[in-house]
Amino acid sequence: MPAASGTPQLTVRARAHQGTATVVISGELDIFTAPGLEGLLRGVLARRPERLVLDLAGVRFMDCCSARVLAAASRALPGTGRAVIRRVSWPAARLLRLAGLWPDFTFEGSSGRRRPPLPRCSRENRAGRIASQAVR
């Protein structure tokens, strides 16, 4: 999915093998790229894969619109299946957590853990403490 000049760049690669569809996403997922991602995921799901694996390691930015697209794709799997996130970048993990979508996915990390630890939002916590100290 090439980006036009002046728009965020997004690269999506999809492949299917033995009932598993793997989608590797890198770049920026936002309101401009979400419709294209949604169309691609609909095409992938139209082939009725038993399993959907998302690789989000290369995602530099993700907004709520894009997170909802990924969650909808996860919920569209047959049965009670959920999409598997094999690798996840910090920005993607943080947004999925803050949007309450973390439980909509199964996680498989390269470290062998089933679910990576929730990303901590320490920057915001520090900023909140600094602001509250300044008010006193």
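The values are calculated or read from the model by the stated rules, or taken from the named source; none is laboratory data. From a predicted model like this one, the values you see are computed outputs, not experimental measurements. All Cβ positions, even for glycine, are placed from backbone atoms using ideal geometry, and neighbour counts span all protein chains on display. These accessible areas exclude ligands, DNA and RNA; they are computed on the full protein's heavy atoms, side chains included. Shrake-Rupley method; radii C 1.70, N 1.55, O 1.52, S 1.80 Å.
Across the stretch 99-106, rounded Karplus estimates of 3J(HN,Hα) from the backbone phi angles (6.51 cos²θ - 1.76 cosθ + 1.60, θ = phi - 60°) give 7, x, 9, 3, x, 6, 10, 9 Hz, Gly and Pro being marked x.
Residue-wise HN-Hα couplings along the stretch 56-61, as the Karplus relation 6.51 cos²θ - 1.76 cosθ + 1.60 with θ = phi - 60° gives them from phi, are 10, 4, x, 6, 8, 8 Hz; Gly and Pro carry x. Over all pairs of different C-alpha atoms, the stretch 32-85 has a mean inverse distance whose reciprocal, the Kirkwood radius, equals 11.6 Å.
A simple spin-label model places the labels of CYS64 and GLN9 2.9 nm from each other, with each point 7 Å out along Cα-to-Cβ. Note that the stretch 48-111, at 4 °C in a medium of 1.567 mPa s, gets a Stokes-Einstein diffusion coefficient of 110 µm²/s from its Kirkwood radius over C-alpha pairs. Residues whose amide H comes within less than 5 Å of that of VAL59, counting only those at least five positions distant or on another chain, are GLY27, SER89 (H built at 1.01 Å from N in the peptide plane).
Solvent exposure of ARG82, expressed as accessible area, is near 110 Å², computed with a probe of 1.4 Å over the protein chains only. When you work out D = kT/(6 pi eta Rh) for the stretch 21-60 at 4 °C and 1.567 mPa s, using the Kirkwood radius from C-alpha pairs as Rh and the Stokes-Einstein form, the result is 120 µm²/s.
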